[in-house]
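First up is the structure itself, then whatever we jot down about it.
What follows draws every value from the coordinates through simple rules; no lab data is involved. These numbers were taken from a predicted model, which means no experiment stands behind them. Please note: Cβ atoms are built from the backbone with ideal geometry, for glycine as well, and neighbour counts cover all protein chains shown.
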Amino acid sequence: MADNPGNHLVVVIGAGPAGLFASKELANHGVAVTLLNRDVKPGGLAEYGIYHDKFKMKEGLRRQFHQILELPNIDYFGNVVVGQKGDVTLAALRAMGFQALLVTAGAQGTKWLGLPGEELAGVYHAKELVYHYNLLPPYSQQKYQIGKRVALIGAGNVMLDIAHWLVRDLKVDEVVAVVRRGPNEVKFTKKELESVARNLDLAALDAEMERVRPEADAVGQAVYEARDFMLSALPKSLEPISATRFRFDFLASPRRILGGEQGMVRGLEVEDTTLICADGEVQARRLGTTRVLDVDTVIFCIGDKVDENFGLPVRWNAFVKHGTPRFPVDGLSYEAYDPDMGRPVERVFVAGWSREASSGLVGVARKDGENGAEAVLAYLAGLPGLKEPQTVLKNFHAHLERLGNPIVRKEHLRRLEQAEADEAARRGVETFKYGDNAAMFAAMGLD
Ligand SMILES: Cc1cc2nc3c(=O)[nH]c(=O)nc-3n(C[C@H](O)[C@H](O)[C@H](O)COP(=O)(O)OP(=O)(O)OC[C@H]3O[C@@H](n4cnc5c(N)ncnc54)[C@H](O)[C@@H]3O)c2cc1C
Ligand SMILES: NC(=O)c1ccc[n+]([C@@H]2O[C@H](COP(=O)([O-])OP(=O)(O)OC[C@H]3O[C@@H](n4cnc5c(N)ncnc54)[C@H](OP(=O)(O)O)[C@@H]3O)[C@@H](O)[C@H]2O)c1
């Protein structure tokens with residue numbers, strides 16, 4: 001680090017796990033951090049993604065985030081959207097004189113596959129539903145038409161979180177996980193399967209394993225190992241509270257969504273696939289034959305991509321990184337790059353799910369945020385501190401004031417925390433959370 005880092009000003013964009021732990025790392029090295037967050041509350045997917053009944057995990061993380069925000073050289077600005085169509089652009093922040101910008105805004109874009117029928121009522125992406133049941137405005141207030149027979153595309157932990165919600169909260173008739181590869185390629189964990197394992201249709205599971213066994217055999221896989229893995233979730237599985245039938249449909253790639261009356265979903269056409277070994281992994285190859293699954297809702301649980309309107313070049317679902325980074329950390333690049341101009345986007349760094357979309361747990365995002373901060377610190381080491389940091393901050397505050405939106409500061413968050421704790425005590429519940437901004441602003445005295 002430079003001798004006098006006290007006057008180094010850095011903007012961190014996004015207060016999820018990556019942004020919060022990055023801010024802590026920067027602040028601990030004497031950098032003055034301006035932390036901007038789209039949501040009123042900090043936490044990102046730790047607050048609005050992790051399943052709503054994981055009270056202990058969420059509370060533990062909230063405590064850590066609270067401690068980080070108590071650091072004096074981190075300034076929090078919630079309800080501020082950065083982006084081309086946001087409250088402030090990256091270019092404006094650079095022009096104001098901030099010395100580095102670390103983008104930790106997660107993966108907020110939608111990974112559409114471009115299939116016919118994606119626009120039908122009853123076709124959703126997991127993220128909007130996850131935000132909905134975790135009470136993130138405005139998703140919390142939107143209506144979603146979930147029918148009785150639901151196809152979930154994908155076989156990751158997000159698919160199981162959505163299955164959990166459908167099986168235990170909405171208690172739909174049937175959930176079918178549509179998986180383009182085979183049973184040996186599922187990505188979810190046993191722990192997450194425990195929430196719905198007792199709703200598995202075991203006869204259907206065995207029949208499906210038999211159906212796909214020849215394809216698995218042909219690439220040297222044993223389907224009984226996958227079956228054992230799934231059944232290992234049964235002993236500690238939650239007691240069933242619905243009659244929902246949960247099943248898998250392997251070697252099936254979504255091809256089009258069929259519409260019925262009033263633009264509603266009436267089926268999902270899938271194309272059969274087979275397994276091939278290529279580039280050192282087992283891949284799905286389409287076979288051209290199709291069949292229709294009788295469902296009335298389709299939910300894509302296939303991961304997310306970053307927001308294309310953010311103001312940085314995007315490739316492979318994430319912001320483009322410098323291929324030969326000047327400040328690598330653990331051999332990874334955290335520097336934003338403009339492939340059209342053939343040069344780094346000066347002063348801009350990326351970390352967390354903005355660096356690699358939909359990748360890993362909170363601990364991974366934390367480490368990536370800390371690494372991103374290290375890259376920023378290495379960059380700042382070559383720069384003197386600002387002579388007049390107060391002028392930069394004054395201009396930034398004036399910009400926010402001109403917007404006229406309620407801006408959430410640390411003291412407001414403290415009031416909100418207290419108001420929600422009081423409300424939980426009044427209702428005699430474990431936790432209480434406001435699901436709309438107006439109520440939050442009122443509780444914070446920002447109305
Ligand atoms: C459904 C789901 C369940 C999960 N469950 C678990 C679990 O049980 N356990 C676990 O360990 N991990 C879980 N994860 C993974 C974990 O949530 C992520 O690894 C982690 O949250 C990623 O952190 P991040 O900071 O990169 O992004 P995010 O958590 O997405 O945070 C991004 C932040 O950026 C802000 N932001 C976005 N756009 C802008 C903008 N334009 N301007 C300003 N701010 C912006 C957002 O408000 C948000 O605060 C889950 C993920 C999902 C999707
Ligand atoms: N409770 C928890 O701990 C928890 C909960 C939720 C999320 N998370 C974490 O968050 C991260 C993201 O989870 P995720 O479930 O979104 O991602 P994921 O684990 O990568 O799973 C995505 C699934 O979507 C499939 N898929 C991707 N593109 C597809 C396409 N074009 N057509 C058909 N299927 C497609 C993938 O199949 P292929 O394998 O064939 O690509 C895979 O089965 C993971 O690290 C996960 O562990 C953790």
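Taking Rh as the Kirkwood radius computed over C-alpha pairs, what is the Stokes-Einstein D of region 260-303 at 4 °C in a medium of viscosity 1.567 mPa s, expressed in µm² per second?
Translational D for this selection: 102 µm²/s.
Rounded to the nearest 0.05, what FRET efficiency is calculated for E401 and L234 with R0 set to 41 Å and r the Cβ-Cβ distance?
For R0 = 41 Å, the calculated efficiency reads 0.10.
Based only on the alpha carbon positions, what is the Kirkwood hydrodynamic radius of region 1-141, in angstrom?
One over the average 1/r among Cα pairs gives 16.6 Å for region 1-141.
Using the Cα gyration tensor of region 195-256, with a ≥ b ≥ c the square roots of its eigenvalues, what is the shape: rounded (a/c below 1.5), prolate (a/b larger than b/c) or oblate (neither)?
Because a/c hits 1.5 or more and a/b fails to exceed b/c, region 195-256 counts as oblate.
If the convex hull of the alpha-carbon atoms of the chain is projected onto planes in all directions, what is the mean projected area in square nanometres?
23.4 nm²
Mean shadow of region 91-189, computed from the convex hull of its alpha carbons, in nm²?
Result: 9.7 nm².
Could you tell me whether region 112-264 comes out rounded, prolate or oblate from its Cα gyration tensor? Rule is a ≥ b ≥ c as square roots of the eigenvalues, rounded for a/c under 1.5, then prolate if a/b exceeds b/c, otherwise oblate.
Because a/c hits 1.5 or more and a/b fails to exceed b/c, region 112-264 counts as oblate.
What do the square roots of 5 times the Cα gyration tensor eigenvalues come to for region 10-60, in whole Å, largest first, as semi-axes of the equivalent ellipsoid?
Values for region 10-60, descending: 24, 12, 6 Å.
How would you order 432-441, 11-20 from highest to lowest mean count of nearby Cβ atoms within 10 Å?
Ranked from most to least packed, the peptides come out as 11-20, 432-441.
Taking just the alpha carbons, could you work out the radius of gyration and Dmax for region 223-323, both in angstroms?
18.9, 51
Can you tell me the alpha carbon radius of gyration of region 86-146 divided by the globular rule-of-thumb value 2.2 N^0.38 Å?
Working it through for region 86-146, the quotient is 1.59.
Are any of the pairs K111/K191; K56/K305; K41/K410; K191/K305; K187/K305; K24/K387 more than 21 Å apart by Cα-Cα distance, and if so, which?
The answer is K111/K191; K56/K305; K191/K305; K24/K387.
Looking at the square roots a ≥ b ≥ c of the eigenvalues of the Cα gyration tensor of region 285-437, which shape do they give, rounded for a/c under 1.5, prolate if a/b is larger than b/c, or oblate?
It is oblate, given that a/c is not under 1.5 and a/b is not larger than b/c.
Restricted to Cα positions, what overall size does region 383-441 have along the principal axes? Three whole-Å values, descending.
53, 26, 15
Equivalent ellipsoid semi-axes for region 342-423, as square roots of 5 times the alpha carbon gyration tensor eigenvalues: give them largest first, rounded to whole Å.
29, 24, 13
Take each complete run of DSSP H in the chain, measure how far its Cα atoms stretch along the helix's own axis, and keep only those covering 15 Å or more with mean Kyte-Doolittle hydropathy at least 0.0; list them.
Long hydrophobic helices here: 17-28, 362-380.
Applying 1/(1 + (r/R0)^6) with R0 = 30 Å to the Cβ-Cβ distance of T290 and R213, what FRET efficiency is obtained, to the nearest 0.05?
It comes to 0.90.
Just subtract the alpha-carbon distance of E59 and A243 from 0.36 nm times their residue separation and send over the number in nm, one decimal.
Answer, rounded to one decimal: 63.1 nm.
With equal scatterers on the alpha carbons only and no solvent term, can you work out the Debye log10 of I(q)/I(0) for region 31-80 at 0.28 1/Å?
Cα-only, vacuum Debye calculation for region 31-80: -1.09.
Relative to the present Cα-Cα distance, how much length would full extension add between L383 and D272 at 0.36 nm per residue of separation?
Extra length available between L383 and D272 comes to 34.3 nm.
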